[in-house]
Amino acid sequence: MNDSLPQCVLCRVKAIKVRQRLKKILYLSLCFLLFTPSFWAHAISNDLIQVKITGVGSKLRQNIIAHLGQLPKSKSQRHAFIFNAKTNINDALESVGYYQSSLAVNLTRASHSAWVYEISIALNDPIIVKDVDIKVDGSLASEAAYAKWFSLIPIKIGDRLNHGRYETTKSQLIGLALENGFFNASYKQSQIQINRITKSASIVLHFKSGDRFKFGQVDFVGSDLDKTLLHELVPFEHESYYSTDKISEFSSILSQTGYFRSIKVLPKLNESENEVVPIKVETQNRAPHSIEVGLGADFGSSSERELEPRVRLTWHTPQINRHGHSQQTSFEWSRERPKLRTTYTIPLSHPINDQLKIQVGLIRDKYGVTQKFDTKDGDFRTSGKLESEQFLYGAARQQIFKNNWIMSYSIKSLKEVYTQEDMEYSPLYYLLGLSFSRTIRSDDSLDPKSGFRQDYHFEYADKYLGSAIRLAKLEASYKWIVTPIERHRFVSRLDLGVNIATSDQLALIPPSLRYFAGGDQSIRGYGFQELGPYRDYIIDGQKYRQVIGGRYLAVASVEYQYYLTPKWRIATFVDAGNAYDLSQFKPLVSTGLGIHWISPVGPIRLNLGVGVNNNNTAKTPWRIHLTMGSEL
């Protein structure tokens, strides 16, 4: 009979039967729970004893279980457990303000199974805090840290008495004193006065802070750096007031120098005299040389299909001499863009905050694209790039201020050789530079939840000072990171630039000083520096098109990231903008997806970018970008 029913009717009949079975299962399960004693009593048990507690809420029950301690593992322990149970339960109740509560216990012994110990509790009215008397005798009372702590103490008049909060308050006050150098601090009186009749309590904490200790002489052990240089790193004055925050700051500053692999900042309290604490700093130098390796790659189809791996080797010598000089040499290899740079650093007035950097570089780079017109297809085909060789050397002084701004002023010599529109150029520039930057991060991790970076850069060259032309270059860049909701992270950036020069002098502006767009830090989906204004020209009857870069730059990006786990996240992004001249301005847009791994050495990002609109020099672009490192 069923075989003759339509298939849809059979499905409905089966669905009704399934729902009826589910209802029956749920009903039986609920009945089982309702008539199970542990549903109401919340028992804890092992093979020797089962303890059931009724009459209290879950938080108080957990407090009672904690006071009862570990369940017995032998019969003798079981007797002791039962003997002490009432005392421990009363201690648990009184610790949160419930005095004179009624306990009813019932013990069921069994020969071949666990004993059942049932506890029924009838709570009395709790003890209420009616007075909090906290007095500090000594200079600690005038400290801002004390005022802040006092405003946040966890004991308030009208609260139910809680011994845990009382002990926490006591510990916090003595900890505050020690953190600020009151090493002789002690309590003159500390007690809880309970009136069982009025069911009230008065808390008394009378504290004597004593004299505040001061920083004494700082001795360095284990370093051969000049003592004057080392003492410039000390963030406190001799005989200024002691603070553990200053000790932590000192340790952080020593770590930032890069000189040491091990640092211990030790206050020698047992050697203090007249409330002055000498400080001992134990250090171990880093290895004389270190080499780091970084990897990256681009693959895709934009102006041309290619896989471009990148390898970076960095050789670092953290300390060359006792004056703290250091050097870093980096070699970046890619098939088309090898770079060699050396920076020699000399500390000036401060080893970190004031440095002179002498730089030498040899760079071969490629910009834009060069395309050849194919008469058969009636379109341009990529045949190469605008190639450049740069020889540069210069010096810069970098200063870091207390408000986290970094200022740098520099002088740089740049000679660049390149061929544009089949004509070779080799202009020489002497550039005066000034830059300011500031980075604010929510934490010191390689993957901060929030932060903001701003950079401003100005360079100037003049033909009266030996440069090929007069040129002024202004740049500004910004990056924001925000995590408004857990797991949801947004990253945005904006890059702006302008070259102030006449249009007839554009050919004499080296490609490295012009603006190009494209790449993993610009508009993803396009190759590195392949976008910008172009020119068409003819050589021996053959038509060419060459992207030569522009005098202006405007690129923006917004990226949304979602954390699947603390170590993995997915991302989607939109990039837009271009490098342009007044005669050519066509904004390009790309979008894409990515997956990121938060590795121990920083996020590793694999992104696929796809161009939304076509360009005269890059049609149907897409590109895979693999990058590593912090976004700030």
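The values are calculated or read from the model by the stated rules, or taken from the named source; none is laboratory data. This structure is a prediction, so every number in the text was calculated from the model and none was measured. Here the Cβ is made from the backbone with ideal geometry for all residues, glycine too, and neighbour counts use every protein chain on show. Heads up: the accessible areas ignore ligands, DNA and RNA and are worked out on the full protein's heavy atoms, side chains in. Shrake-Rupley method; radii C 1.70, N 1.55, O 1.52, S 1.80 Å.
All conditions in (1) of a type in the set (S, T, N, Q); (2) modelled with pLDDT of 95 or more; (3) within 32 Å of the chain's Cα centre (by Cα) hold for ASN404, with the sole exception of (2). Against the list (1) over 41 Å from the mean Cα position of the chain (by Cα); (2) at pLDDT 95 or above; (3) polar (S, T, N, Q), the condition GLN399 fails is (1).
Within the option set VAL218, VAL265, VAL234, being surrounded by 14 or more Cβ atoms within 10 Å (Cβ to Cβ), closer than 22 Å to ASN180 by Cβ and touching a His at 6+ places or on another chain (Cβ under 8 Å) holds for one residue only, VAL218. Note on the stretch 191-220: among residues that are of a type in the set (Phe, Trp, Tyr) and part of a strand (DSSP E or B), the one that is nearest to GLU94 (Cα to Cα) is PHE207.
Against the numbered list (1) surrounded by 14 or more Cβ atoms within 10 Å (Cβ to Cβ); (2) among the small types (Gly, Ala, Ser); (3) farther than 30 Å from LYS227 by Cβ, ALA396 comes up short only at (3).
In the stretch 407-433, which residue that is open to solvent by 90 Å² or more (accessible area, probe 1.4 Å) and more than 21 Å from ASP462 (Cβ to Cβ) is modelled with the lowest pLDDT? Among those that are open to solvent by 90 Å² or more (accessible area, probe 1.4 Å) and more than 21 Å from ASP462 (Cβ to Cβ), it is ASP422. State yes or no: is ALA576 small (Gly, Ala, Ser), farther than 19 Å from SER630 by Cα and surrounded by 20 or more Cβ atoms within 10 Å (Cβ to Cβ)? Answer is no for this residue. Considering the stretch 46-79, the residues that are of a type in the set (A, V, I, L, M) and touching a Pro at 6+ places or on another chain (Cβ under 7 Å) include one that is most open to solvent (accessible area, probe 1.4 Å), namely LEU48.
If you check ASP444, ASP504 for being under 30 Å from SER383 (Cβ atoms), open to solvent by 60 Å² or more (accessible area, probe 1.4 Å) and without any contact (Cβ under 8 Å) to a residue 40 or more places away in the chain, only one passes: ASP504. Being without any contact (Cβ under 8 Å) to a residue 24 or more places away in the chain, over 26 Å from SER590 (Cα atoms) and either polar (S, T, N, Q) or in a strand (DSSP E or B) (or both) is the requirement here; does ILE406 meet it? Judged against the criteria, ILE406 is not a match.
Just one residue in the set ALA144, ALA104, ALA92, ALA122 is exposed (fewer than 14 other Cβ atoms within 10 Å of the Cβ), within 42 Å of the chain's Cα centre (by Cα) and of a type in the set (A, V, I, L, M); that residue is ALA144. Can you confirm whether the stretch 511-520 contains a residue that is among the charged types (D, E, K, R), without any contact (Cβ under 8 Å) to a residue 24 or more places away in the chain and touching a strand residue (DSSP E or B) at 6+ places or on another chain (Cβ under 8 Å)? No, every residue in the stretch 511-520 fails to be among the charged types (D, E, K, R), without any contact (Cβ under 8 Å) to a residue 24 or more places away in the chain and touching a strand residue (DSSP E or B) at 6+ places or on another chain (Cβ under 8 Å).
Suppose we keep only residues that are among the aliphatic types (A, V, I, L, M), part of a strand (DSSP E or B) and farther than 20 Å from ASN607 by Cβ within the stretch 532-566. Which one would you say is most open to solvent (accessible area, probe 1.4 Å)? That would be ILE538. Cβ-Cβ distances below 6 Å connect no pair with a first residue in the stretch 607-632 that is closer than 20 Å to LYS449 by Cα and part of a loop (DSSP other than H, G, I, E, B), a second residue that is at pLDDT below 85 and open to solvent by less than 20 Å² (accessible area, probe 1.4 Å), and a separation of six or more residues or different chains. Against the conditions (1) aromatic (Phe, Trp, Tyr); (2) modelled with pLDDT of 95 or more; (3) loosely packed, with under 14 Cβ neighbours inside 10 Å, TYR344 satisfies every one except (3). For first residues located in the stretch 80-107 and at positive phi, partners that are of a type in the set (Lys, Arg) and open to solvent by 60 Å² or more (accessible area, probe 1.4 Å) and lie 6+ apart or on another chain with Cβ distances below 6 Å form the pairs GLY97/ARG160.
Taking the criterion of being over 17 Å from TYR99 (Cβ atoms) and touching a helix residue (DSSP H, G or I) at 6+ places or on another chain (Cβ under 9 Å), the residues of the stretch 153-164 that qualify are ILE153, PRO154, ILE155.
Scanning the stretch 599-618 for residues that are farther than 22 Å from LEU386 by Cβ and open to solvent by less than 70 Å² (accessible area, probe 1.4 Å) yields SER599, GLY602, PRO603, ILE604, ARG605, ASN607, GLY609, VAL610, ASN613.
Residue-wise test of (1) free of Cβ contacts under 8 Å to residues at least 60 places away in the same chain; (2) part of a strand (DSSP E or B); (3) in contact with a strand residue (DSSP E or B) (Cβ under 6 Å, 6 or more places away or on another chain); (4) crowded, with 20+ Cβ neighbours inside 10 Å.
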{"residue": "LEU356", "(1), (2), (3), (4)": "yes, yes, yes, no"}
{"residue": "VAL360", "(1), (2), (3), (4)": "yes, yes, yes, no"}
{"residue": "ILE363", "(1), (2), (3), (4)": "no, yes, yes, no"}
{"residue": "VAL369", "(1), (2), (3), (4)": "no, yes, yes, yes"}
{"residue": "LYS372", "(1), (2), (3), (4)": "no, yes, yes, no"}
{"residue": "ASP377", "(1), (2), (3), (4)": "yes, no, no, no"}
{"residue": "PHE380", "(1), (2), (3), (4)": "no, yes, yes, yes"}
{"residue": "GLU387", "(1), (2), (3), (4)": "yes, yes, yes, no"}
{"residue": "GLN390", "(1), (2), (3), (4)": "no, yes, yes, no"}
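For every residue, the table says whether it meets (1) modelled with pLDDT of 90 or more; (2) not in a helix (DSSP H, G or I).
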site: ASN88; (1), (2): yes, no
site: ASN106; (1), (2): yes, yes
site: SER111; (1), (2): no, yes
site: TYR117; (1), (2): yes, yes
site: ASN124; (1), (2): no, yes
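Exactly one residue out of SER202, SER248 is farther than 30 Å from GLN319 by Cα and polar (S, T, N, Q): that is SER202.
If you go through the stretch 582-606 and keep only what is over 21 Å from PRO309 (Cα atoms) and in a loop (DSSP other than H, G, I, E, B), you end up with LEU582, SER583, PHE585, LYS586, PRO587, PRO600. When the stretch 438-471 is filtered for residues that are among the small types (Gly, Ala, Ser), closer than 30 Å to PRO484 by Cα and in contact with a Ser or Thr (Cβ under 8 Å, 6 or more places away or on another chain), the ones remaining, listed by number, are SER442, SER450, GLY451. Residue count for the stretch 447-473, restricted to those that are under 20 Å from ALA396 (Cα atoms) and either open to solvent by less than 70 Å² (accessible area, probe 1.4 Å) or hydroxyl-bearing (Ser, Thr, Tyr) (or both): 13.
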